[in-house]
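Trainee: So that we are looking at the same thing, I have put the structure below in structure tokens.
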Amino acid sequence: MRNSLPITYYLTSARSRNFCRRFASLIVAGILSVTLTVACRGTNQNLSSTPTSNQDCREVEHVMGKTCIPLDPQRVITLHPNPLANSLALGIQPIAAAFYRGVPVLDIIQETAPQIESVGDLSNPSIEKILLLEPDLIISYSSLENIYPQLSQIAPTVVLNLTFPYPSWKEQLAELAGILDNQSAYQQLMADYRQRIYKLQERLGDRPSDLNISVAGIASGIGVWTYGAKHPLGDILGDLGVSRPAIQQGDYFFYENISEEKLSVLDGDVLFLSTWDRDEDQLSKEKLRQKPLWQKLEVVRKNQVYFVGRYWHNSGHMLSVNAILDDLEHYLLD
């Protein structure tokens, strides 16, 4: 997997690049100036730029208030991977997105949108890059509330509530479908999901309630952890009707820092171990497999451990949900 997405600038010479950079910097400075002026006047008005007529836009409510967004946005930028993936699932192709620094982009996103442009780090996207791309809609999230005034001067901006612990994947998909006014695609995605769950249950027969499925993750510098009921995986496995090890039934997202002495809490009929994509993460996985207490796990002795991708960990969107269902069908049935 490539460590970053292709970045394309359609500038033909060093002179034109320098000119565009200076020009963009001046505009960004102007936006900041306007923002500060409005703030000093004590106004609470929504700063989102909107089309000139209500016939050209649709008002939506979000974390920062109300914004009138285009009826058919063509140049969407998302600043969090979850709305990016959900947009793709809903049939919307964003032109750019922000990503996690130092972590490879998920395969399922890379394969669905191989040419999407990066506007920088998730926690610090480049306003200059966003400006140059001329979006007609920006989908931001709550941790970037501080730059909302600047973003809303570039294009109508919607801010999603993605504070930790995140809303369920179903809530995130439903909210974005409402913002993008694409209820038909949303209803189809949910109908397909319910049908896949039903078919998987049918093929498993009487097994689901007796099948104890454990899910854990490992990454360099973090160690080993497992997932609770509040994590999206808890929602998927709950819909499937399988049982979970006792420690994974708690009302939490993650149970972290599982020491070698406590590896027994991961035991089950089946164990899905999510490993991240960096070389050092793969090394951590191999070290774990050499530990004596790992080799004593019943699930390891029965050869029922399946190593799956990071999409099990980053499972708060529809693309990951479908990839997880693919794995469940493959490993539990095939």
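The values are calculated or read from the model by the stated rules, or taken from the named source; none is laboratory data. The structure presented is a predicted model; accordingly, all values stated were derived computationally and were not measured. Note: ideal-geometry Cβ built from the backbone for every residue, glycine included; neighbour counts use all protein chains shown. Please note that ligands, DNA and RNA were not included when accessible areas were found on the heavy atoms of the full protein model with its side chains. Shrake-Rupley method; radii C 1.70, N 1.55, O 1.52, S 1.80 Å.
Trainee: Considering every residue within the range 82-95, establish whether at least one is in contact with a Phe, Trp or Tyr (Cβ under 7 Å, 6 or more places away or on another chain) and modelled with pLDDT of 95 or more. Talk me through it step by step, then tell me what you get.
Mentor: So the first thing to find is which residues in the range 82-95 are in contact with a Phe, Trp or Tyr (Cβ under 7 Å, 6 or more places away or on another chain), and the list is 90.
Within this subset, residues satisfying the condition of being modelled with pLDDT of 95 or more are 90.
The answer is yes, given that some residue of the range 82-95 is in contact with a Phe, Trp or Tyr (Cβ under 7 Å, 6 or more places away or on another chain) and modelled with pLDDT of 95 or more.
Trainee: Can you give me the number of residues within the range 207-239 that are β-branched (V, I, T) and farther than 27 Å from R194 by Cβ?
Mentor: Quick first cut of the range 207-239, residues β-branched (V, I, T) only: 213, 215, 218, 222, 224, 226, 236.
Still in the running and farther than 27 Å from R194 by Cβ: 218, 222, 224.
Residues in the range 207-239 being β-branched (V, I, T) and farther than 27 Å from R194 by Cβ: 3 in total.
Trainee: So, in the range 149-179, how many residues would count as being buried (at least 22 other Cβ atoms within 10 Å of the Cβ) and of a type outside the set (A, V, I, L, M)?
Mentor: So the answer is 5.
Trainee: While we're looking at this one, here's another question. Being in contact with a strand residue (DSSP E or B) (Cβ under 7 Å, 6 or more places away or on another chain) and in contact (Cβ under 8 Å) with a residue 60 or more places away in the chain is the filter here; which residues of the range 277-308 pass it?
Mentor: Going through the range 277-308, the residues in contact with a strand residue (DSSP E or B) (Cβ under 7 Å, 6 or more places away or on another chain) turn out to be 281-282, 284-285, 288, 299, 304-308.
Residues satisfying the conditions are D281, S284, K285, L288, V299.
Trainee: What's the total number of residues in the range 92-150 that are in contact with a Pro (Cβ under 9 Å, 6 or more places away or on another chain) and assigned to a helix (DSSP H, G or I)?
Mentor: Kept after step one, since they are in contact with a Pro (Cβ under 9 Å, 6 or more places away or on another chain), are these residues of the range 92-150: 92, 94-100, 105-106, 109-110, 113-119, 122, 135-141, 144, 147.
Filter again for assigned to a helix (DSSP H, G or I), leaving 109-110, 144, 147.
Residues that pass the stated criteria total 4.
Trainee: Return yes or no: is G205 on the phi > 0 side of the Ramachandran plot, surrounded by fewer than 18 Cβ atoms within 10 Å (Cβ to Cβ) and not acidic (D, E)?
Mentor: Working: on the phi > 0 side of the Ramachandran plot: yes; surrounded by fewer than 18 Cβ atoms within 10 Å (Cβ to Cβ): yes; not acidic (D, E): yes.
Yes, satisfied.
Trainee: Inside the range 102-122, can you point out the residues that are open to solvent by 60 Å² or more (accessible area, probe 1.4 Å) and under 23 Å from E280 (Cα atoms)? If you could, list the steps in order and put the result at the bottom.
Mentor: Here is the first cut: in the range 102-122, the ones open to solvent by 60 Å² or more (accessible area, probe 1.4 Å) are 102, 107, 111-112, 115.
Across the range 102-122, the qualifying residues are G102, D107.
Trainee: So which pairs qualify, if the first residue must be in the range 209-235 and under 23 Å from Y166 (Cα atoms), the second must be part of a helix (DSSP H, G or I) and basic (K, R), the Cβ gap must be under 8 Å, and the two must be at least 6 apart or on different chains?
Mentor: Going by the 8 Å Cβ cut-off, the qualifying pairs are I218/K285; D235/K170.
Trainee: Yes or no: A191 of a type in the set (A, V, I, L, M), over 16 Å from I92 (Cβ atoms) and surrounded by fewer than 16 Cβ atoms within 10 Å (Cβ to Cβ)? Can you show your working first?
Mentor: Values: of a type in the set (A, V, I, L, M): yes; over 16 Å from I92 (Cβ atoms): yes; surrounded by fewer than 16 Cβ atoms within 10 Å (Cβ to Cβ): yes.
When the stated conditions are applied, A191 passes them.
Trainee: Look at the range 235-246 and say how many of its residues are of a type in the set (D, E, K, R), surrounded by 20 or more Cβ atoms within 10 Å (Cβ to Cβ) and outside any loop (DSSP other than H, G, I, E, B). Outline the logic, then answer.
Mentor: Step one: list which residues in the range 235-246 are of a type in the set (D, E, K, R), which gives 235, 239, 244.
Remaining after also requiring surrounded by 20 or more Cβ atoms within 10 Å (Cβ to Cβ): 244.
In the following step, the residues that additionally are outside any loop (DSSP other than H, G, I, E, B) were identified as none.
Looking only at that region, the number is 0.
Trainee: Still on this structure, please answer the following. For residues that are in a helix (DSSP H, G or I) and either among the charged types (D, E, K, R) or in contact with a His (Cβ under 9 Å, 6 or more places away or on another chain) (or both), tally how many sit in the range 177-203. Even if it seems obvious, please write down each step before you answer.
Mentor: At the first step, the residues of the range 177-203 found to be in a helix (DSSP H, G or I) are 177-179, 183-203.
Checking which are either among the charged types (D, E, K, R) or in contact with a His (Cβ under 9 Å, 6 or more places away or on another chain) (or both) leaves us with 179, 192, 194, 196, 199, 202-203.
Qualifying residue count, the range 177-203: 7.
Trainee: Among the residues of the range 50-79, which ones are assigned to a loop (DSSP other than H, G, I, E, B), surrounded by 14 or more Cβ atoms within 10 Å (Cβ to Cβ) and modelled with pLDDT under 95? Outline the logic, then answer.
Mentor: Initially, the range 50-79 is screened for residues assigned to a loop (DSSP other than H, G, I, E, B), giving 50-53, 63-64, 71-75, 79.
After this cut, where a residue has to be surrounded by 14 or more Cβ atoms within 10 Å (Cβ to Cβ) as well, the list is 50-51, 63-64, 73, 75, 79.
Listed by number, the residues that qualify are T50, P51, V63, M64, P73.
Trainee: Another question, if that's okay. Within the range 208-234, take every residue that is open to solvent by 20 Å² or more (accessible area, probe 1.4 Å) and either in a loop (DSSP other than H, G, I, E, B) or among the polar types (S, T, N, Q) (or both) and give me the one that is nearest to G309 (Cα to Cα).
Mentor: Of the range 208-234, the ones open to solvent by 20 Å² or more (accessible area, probe 1.4 Å) are 209-210, 212, 220-223, 229-230.
Still in the running and either in a loop (DSSP other than H, G, I, E, B) or among the polar types (S, T, N, Q) (or both): 209, 212, 220-222, 229-230.
Numbers: S209: 25, N212: 20, S220: 15, G221: 18, I222: 16, A229: 20, K230: 20 Å.
Per the stated criteria, the residue is S220.
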